[in-house]
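Only the coordinates and a few stated rules stand behind these numbers; no lab work does. Being a predicted model, the structure only gives us computed values, none of them experimental. Every residue, glycine among them, receives a Cβ derived from its backbone with ideal geometry; neighbour counts consider all protein chains shown.
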Amino acid sequence: MDVNALSQLYGSDRWPRRAELDGRCERFVIPDALFDGAGFRLVWRDALPGARHSYRSFYHRDDDCRLMVDVFAASSFDDAKRELLAGFHNCTSLVPPSVVPQLGDVSYGNRAAQQFVRGNLLVSVANAGTVEVDVRPFAVALDEKVSDCLH
């Protein structure tokens, strides 16, 4: 699907473009214990390919629930939105994820996966195990920490 078709499908022309959303965070790191209260522990974290500070983290809970969290630092808010839209190229679902109010500056997702942009950061939270967990509370917790990092 080309970018124009994706734009129409996901309504990216209606995404916010206000200058005050262009906060920056160069090196956001998820606090290791952020999800401890829900029983998840950090198993590993590794850098993603590319020049910017981007990484993937895996969290595991004893009941075989797993979370995968990607943090991608774009050069600007608009670039982060473009990366979010580009990620939809790989979406195989016939039903697009829905807009998630009160998460990030722009966000899409469902119970199993959430993606949001806050400032110049694109964050993805998804199930990564055989037992599904609602990722929305984890996305909200991350959004709060990301907001604290922006300047």
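Things worth noting here:
- Cβ-defined net charge surrounding L67, 14 Å radius [Lys, Arg +1; Asp, Glu -1]: -1
- Distance from region 120-151 to region 37-77 (C-alpha centre basis), Å: 9 Å
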